[in-house]
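Report on one structure; see the data block that follows.
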Amino acid sequence: MSDEFRFADELGPAKVIHVHEPAIGLKAVLVVDNVAAGPAIGGVRMAPDVSTEECFRLARAMTFKNAAAGLAHGGGKVVLYGNPKMPVADKERLIRGLACALGDIRDYIFGPDMGTDETCMAWVKDEIGRAVGLPREFGGIPLDEIGATGWGVANAAEVALSYCNFPLAGARVVIQGYGAVGRHAARFLAQKGAVLVGASDSRGTLFDPAGIDLAVLDLLKADGKSVLDYPRGVKSGRDAVIDLECDIWIPAARPDVVHEDNVGRLKTRLVIQGANIPFTRAAEEYLHHHGVLCVPDFIANAGGVICAAVEYRGGIETAALDTIAEKVRRNTREVLVAATSRRLLPRDAALELAGARVRKAMSLRRWRAS
């Protein structure tokens, strides 16, 4: 099989498109994985070290995420090469160029992801009229502002705790990647009595066993500062977040942060995956065999895309939050019931759930993946 088809299997991908415009330094990849259920929704991820493989894996995660959530959308993803902290004018030029380059790909709907936000989606909307996660001024539901994904993560955690032997009130939480997803997950869990004791970002790790003041930390982050600028606690390198003892550990950053070489360092009782593909399969198997419950990404972190789907159909913020809670809680419970009763890895139970829904949609289409 040629290199171009190295990702191909029975589900997709339907399209892999490489975008290159040297005049503005634009390099990007779009993977439209499977659109049997409807046009793909998936975010634009911007980072200097993205890859086609990462894009495919993220697009497949979106296929399963949307199917598990019962959305009339398939999975897709864009990765855009570049530093998301570049000057705004340069970033706008790249985003607008990307939108124009992909304007004719009607089976992909742009959304925000790591390194992009609702302002970026407004630029896309202005260029081609096809984006979600828009600012309120564009009639959107700004999912990062309201914390849609974090809201789903918190609901998944609450359901998962019925399979653990400790309550949410007083539970010690560590967030790996204290950004758009992580900070909202911390906020919603704190409202239920949980205590944030550790957090990391790209510059380092903060640990305070007495509890971190979210209001103080959020003000620092909003001002462009790091968790290392928090006035109290123990500061260390960003990878030290894996070593922090806690009850709930939430990865909310890049893929593959926990793998077979470092999973043994985790000291937690429950993992709720706020990021996409943050653990390797080997790491999840290790946790499973050591009695640590791990709720997989496309079940726990579906809040953002559920919000986007509600927005796409003209829904309002309260409807989005209610829908997120209902769908995430139901799917978390269904996956954990199957995993417990059949002694399955939670990811395998989740893949069965999502895979069955994707294949059902494909069976009703003339062209199965597209």
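Of the residues Gly111, Val241, Leu217, the one whose Cα sits farthest towards the positive end of the charge dipole of the chain is Gly111 (charges of +1 on Lys and Arg Cβ, -1 on Asp and Glu Cβ, taken about the Cα centre).
Charge tally around Glu158: other residues with Cβ under 9 Å, Lys/Arg +1 each, Asp/Glu -1 each, net +2. A straight Cα-to-Cα reach below 25 Å connects Lys125 with the lysines Lys15, Lys27, Lys65, Lys77, Lys85, Lys91, residues fewer than 8 places away in its own chain not being considered. Only Cα pairs under 8 Å and 6+ residues apart enter the sum, and on that basis the relative contact order of the chain stands at 17 percent. Each residue of the stretch 81-92 is assigned a 3J(HN,Hα), and the resulting list reads 6, x, 7, x, 9, 5, x, 4, 4, 5, 5, 4 Hz, derived from the Karplus form 6.51 cos²θ - 1.76 cosθ + 1.60 (θ = phi - 60°), x at Gly and Pro. The packing ranking, built from the mean of other Cβ atoms within 10 Å per residue, places the peptides 302-308, 324-330 in the order 302-308, 324-330, highest first.
Placing a pseudo-label 7 Å from each Cα along the Cα-to-Cβ vector at His290 and Thr119 gives an inter-label distance of 4.1 nm. The order of the peptides 19-26, 145-152, 113-120 by mean Cβ neighbours within 10 Å, most packed first, is 145-152, 113-120, 19-26.
Footprinting exposure proxy ranking of Phe207, Phe138, fewest other C-beta atoms within 10 angstrom first, gives Phe138, Phe207. Take the Cα of Ala72, go 7 Å toward its beta carbon, and the backbone nitrogen atoms of the stretch 1-41 under 15 Å from that spot belong to 36-41.
Of all the options Asn34, Asn83, Asn165, the one that moves most in a Gaussian network model of the chain with Cα springs shorter than 10 angstrom is Asn165. About the centre of its Cα atoms, the chain shows a dipole size close to 740 debye [charges on the beta carbon of Lys, Arg (+1) and Asp, Glu (-1) only; nearest 20 debye]. Only one residue of Gly74, Phe64, Gly129 has its Cα farthest out toward the positive end of the dipole of the stretch 3-142, where Lys and Arg carry +1 and Asp and Glu -1 on Cβ, and that residue is Gly129. Sorting the segments 337-349, 273-285 by their residues' average number of neighbouring beta-carbon atoms within 10 angstrom, most packed first, yields 273-285, 337-349. Cβ-Cβ distance of Asp104 and Asp126, R₀ of 22 Å, FRET efficiency by 1/(1 + (r/R0)^6): the value works out to about 0.85. With runs of 4+ DSSP H residues as the only contributors, calculate the mean residue ellipticity of the chain at 222 nm using -39,500 (n - 2.57) per run, divided by the residue total and rounded to the nearest 500. So the calculated ellipticity at 222 nm is -12500 deg cm²/dmol. Think of the chain as a dipole: +1 on every Lys or Arg Cβ, -1 on every Asp or Glu Cβ, centred on the Cα centre; then among Ala190, Leu168, Val19, Leu168 lies furthest on the positive end.
Taking the fewest neighbouring Cβ atoms within 10 Å as the starting point, the ordered list for Met362, Met121 is Met362, Met121.
Remark: relative contact order (the stretch 3-142) = 23 percent; criterion is Cα-Cα distance under 8 angstrom and separation of 6 or more residues.
Measuring nothing but how far apart in sequence close Cα pairs (under 8 Å, 6+ apart) lie, relative to its length, the stretch 142-289 scores a relative contact order of 23 percent. For Gly38, the residues whose amide H sits under 5 Å from its own are Gly74, ignoring neighbours fewer than 5 places away on the same chain, with H placed 1.01 Å from N.
Think of each Lys and Arg Cβ as +1 and each Asp and Glu Cβ as -1; about the Cα centre, that makes the dipole of the stretch 3-142 roughly 220 debye.
Any read-out appearing in this document is the output of simple, stated calculations on the displayed coordinates, not a laboratory observation. Since we're looking at a predicted model, the values are computed, not measured. Every residue, glycine as well, gets a Cβ built from its backbone with ideal geometry; the counts of neighbours run over all protein chains shown.
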